[in-house]
Amino acid sequence: MATDVLERLKWRYATKKFDASKRLSEEKLSILKESFNLTATSYGLQPLKMIILSNPDLKKLLVPITMDQDQVENASHVLVICTETKIDSDYIKDHFNLVVKIRSTPREILSSFEEYLVSSFSDKQSDELNIWSTNQAYLALGNLLTVCAIEKIDACPIEGFDPDKYDELLQLNEKGLQSVIVLAVGYRAEDDMFSGFDKVRKGVDEVIIEMD
Ligand SMILES: Cc1cc2nc3c(=O)[nH]c(=O)nc-3n(C[C@H](O)[C@H](O)[C@H](O)COP(=O)(O)O)c2cc1C
């Protein structure tokens, strides 16, 4: 089983050329949506949303604001992982309302933790909040990359894009969101030469330090 996982992880690579004629099935998309939602987040607050784009005209518009990387045009779908711009006491209270609703936990059991979170988040400067929520977005990215590998979906994580221009084009600020990271997903083109390249990684013994 462990070998299977490693084989899947070795199979995946940052796809440079997608086959524009191949589309993800609804079943695969649904797996990606669920996996995004199942990502672990700090305190379980899920300060994230994911935009899914597949419209060819819209994907074309993304190319110039993605450092001319045409994966965003040729991929089946472009996933834009966004963070919530406002994490205030109402946001935190809504989370605890959900806990009560789903687990039927009495509110009084949760209230001291809830108060702690409300107070700790109200003390955070906006830069600190941004870093915190951006970290959660990268967790979702990692989760999705692994799920893609297991599901034999090709993917390219993309940091080389202009977040302000994405926010403007997709009207993300109006939705209380800002774009953090992009993930192009679909199927590799047969002639993507990168698919045959050896993985460039340090030796495991170089990156792991075992302490007895
Ligand atoms: C956060 C992040 C951002 C990345 N941004 C880009 C990008 O903008 N364009 C690109 O072609 N690859 C991008 N990559 C892919 C990396 O270059 C690639 O994962 C790395 O070289 C290791 O290669 P592999 O994923 O094929 O094993 C990004 C990867 C990560 C994790």
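Every number here is computed from the coordinates shown, using simple stated rules; none is lab data. These numbers were taken from a predicted model, which means no experiment stands behind them. With ideal geometry, Cβ positions are generated from the backbone for all residues, glycine too; neighbour counts draw on all protein chains shown.
Hey, among the residues in region 194-203 that are without any contact (Cβ under 8 Å) to a residue 12 or more places away in the chain and within 15 Å of the ligand (Cβ to nearest atom), which one's nearest to residue 19 (Cα to Cα)?
Of everything passing the filter in region 194-203, 196 is nearest to residue 19 (Cα to Cα).
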Item to check | Scope region 185-200; condition among the small types (Gly, Ala, Ser) and in a strand (DSSP E or B); matching residues | outcome: 186
Item to check | Residues within region 1-19 that are within 16 Å of the ligand (Cβ to nearest atom), of a type outside the set (A, V, I, L, M, F, W, C) and more than 26 Å from residue 69 (Cβ to Cβ), tallied | outcome: 1
Checklist entry - If residue 102 satisfies every condition in (1) touching a residue at least 24 places away in the same chain (Cβ under 8 Å); (2) over 20 Å from residue 165 (Cα atoms); (3) not small (Gly, Ala, Ser) but one, which is the exception? => result (1)
Checklist entry - Given the residues 170, 183, which is the only one that is closer than 26 Å to residue 91 by Cα and surrounded by 16 or more Cβ atoms within 10 Å (Cβ to Cβ)? => result 170
Checklist outcome for this item: If we take region 1-92, then helices (runs of 4 or more DSSP H) inside it with 2 or more residues that are touching a Pro at 6+ places or on another chain (Cβ under 7 Å) and surrounded by fewer than 18 Cβ atoms within 10 Å (Cβ to Cβ) are none
Next on the checklist: Can you go through 22, 33 and tell me which one is of a type outside the set (S, T, N, Q) and either closer than 30 Å to residue 176 by Cα or within 16 Å of the ligand (Cβ to nearest atom) (or both)?
Outcome noted: 33
Next on the checklist: Let me spell it out: the conditions are (1) surrounded by 15 or more Cβ atoms within 10 Å (Cβ to Cβ); (2) out of contact with any Leu (no Cβ under 7 Å at 6 or more places or on another chain), and residue 131 meets all of them except one. Which number is the exception?
Outcome noted: (1)
